[in-house]
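Encoded as structure tokens, the structure appears first; notes follow it.
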Amino acid sequence: MSFFKKIFSKEKKETLDKGLEKTNTNFFDKLSKAVAGKSKVDDDVLDNLEEVLVASDVGVDTTLKVITRIEDRVARDKYVGTDELNKILREEIAGLLSETNLGNETEFTIPEIPKDKNGKKMPYVLMVVGVNGVGKTTTIGKLASQFKKQGLKVVLGAADTFRAAAIDQLQVWADRTDVPIVRQEMGSDPASVAFDTLKSAVNQDADVVIIDTAGRLHNKVNLMNELTKIKRVMQKVVDNSPHDVLLVLDGSTGQNAFEQAKQFTLATEVTSLAVTKLDGTAKGGVVIGISDQFKIPVKYIGIGEGIDDLQVFNKIEFVDSFFK
């Protein structure tokens, strides 16, 4: 059962390998210790493997699923050598993640949005949520750049009006990627910024709108009310918007990213995830756990500082690079 065929270009694949280098090295250091002196996969090896997966931030529930799959395989094949363990891990984790029909992206694309009742083209509206410091604004800037490369017309909306820095940071990305931005003064009503952004985008015949929002999670009720209000106001301009609510998580926080995902999904409907800062950490296993545990697709991963170091998440390529 081979899932692994070349999907990404050589260049893109090299970027992914490099971005997951720390995770990969850390995992194999632990794995080699776990199987030291063992030639076949037995209960001891599986116990050790369980520890290695949990320590790599795959998460307990997902780890147990992986171990069960490997136990079944060992029972079926009678003898499995420890030298085959890596290959089997790759296959079983890819198999596990293939149980959902998610994470098959290869390019930055957007779905077609229905025209309004007058036949006017409507933009695809992406609302971005996440706590401060996870790389939200950077992710928005890189997304804008990637969409623009695909020939799409992008407009940004600075609706995180609680921090002057957030508005300025988004302005820097707008300048850098040469896309228009709608902004107001710090302390303005975020819903009003979102409304103006959508109005402006419709007038400009834009293809994509990306709205930045405030990330204060310490008060869930306020956050819920605010995001609900932003959505309600946007729907006055574009039906059914936002079409995607993207939650940005910092992969370098490992299990804390799980916690944030849980908290945010309670506060608002989240339809996709971006996991950032994977290049600076050995905790890349968190992407496997999050893909498995939340029935929300991981759409993008951040694997470096460069503008092209935001990639679409393709689970097969990810698992392949993780266990290389």
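The values are calculated or read from the model by the stated rules, or taken from the named source; none is laboratory data. All figures in this text were calculated on a predicted structure; none of them were measured in a lab. Cβ atoms come from the backbone with ideal geometry, glycine included; neighbour counts cover every protein chain shown. What goes into the accessible areas is simple: the full protein's heavy atoms, side chains included, and nothing from ligands, DNA or RNA. Shrake-Rupley method; radii C 1.70, N 1.55, O 1.52, S 1.80 Å.
Taking the condition of being surrounded by 16 or more Cβ atoms within 10 Å (Cβ to Cβ) and of a type in the set (Ser, Thr, Tyr), how many residues in the stretch 89-128 meet it?
So the count comes out to 2.
Residues of the stretch 149-176 being touching a strand residue (DSSP E or B) at 6+ places or on another chain (Cβ under 8 Å), without any contact (Cβ under 8 Å) to a residue 60 or more places away in the chain and buried (at least 19 other Cβ atoms within 10 Å of the Cβ), which ones?
154, 155, 156, 157, 158, 160, 166, 167, 170, 173, 174
I'd like to check something: does the stretch 160-183 contain any residue that is assigned to a loop (DSSP other than H, G, I, E, B), closer than 24 Å to residue 268 by Cα, hydroxyl-bearing (Ser, Thr, Tyr) and in contact with a Lys or Arg (Cβ under 9 Å, 6 or more places away or on another chain)?
yes
Of the residues 13, 65, 30, which single one is closer than 29 Å to residue 105 by Cβ, assigned to a helix (DSSP H, G or I), in contact (Cβ under 8 Å) with a residue 12 or more places away in the chain and open to solvent by 60 Å² or more (accessible area, probe 1.4 Å)? Give the derivation first.
On the way: 13 fails: open to solvent by 60 Å² or more (accessible area, probe 1.4 Å); 30 fails: closer than 29 Å to residue 105 by Cβ.
After ruling out the rest, the residue left standing is 65.
Looking at the stretch 75-84, can you tell me whether even one residue there is open to solvent by less than 60 Å² (accessible area, probe 1.4 Å) and of a type in the set (Phe, Trp, Tyr)?
The answer is no, given that none of the residues of the stretch 75-84 is open to solvent by less than 60 Å² (accessible area, probe 1.4 Å) and of a type in the set (Phe, Trp, Tyr).
Report the residue count in the stretch 104-143 for those that are within 27 Å of residue 224 (Cβ to Cβ) and modelled with pLDDT of 90 or more.
Here the count works out to 18.
I'd like the full set of residues that are among the acidic types (Asp, Glu), free of Cβ contacts under 8 Å to residues at least 60 places away in the same chain and assigned to a helix (DSSP H, G or I), limited to the stretch 33-62.
43, 44, 47, 50, 51
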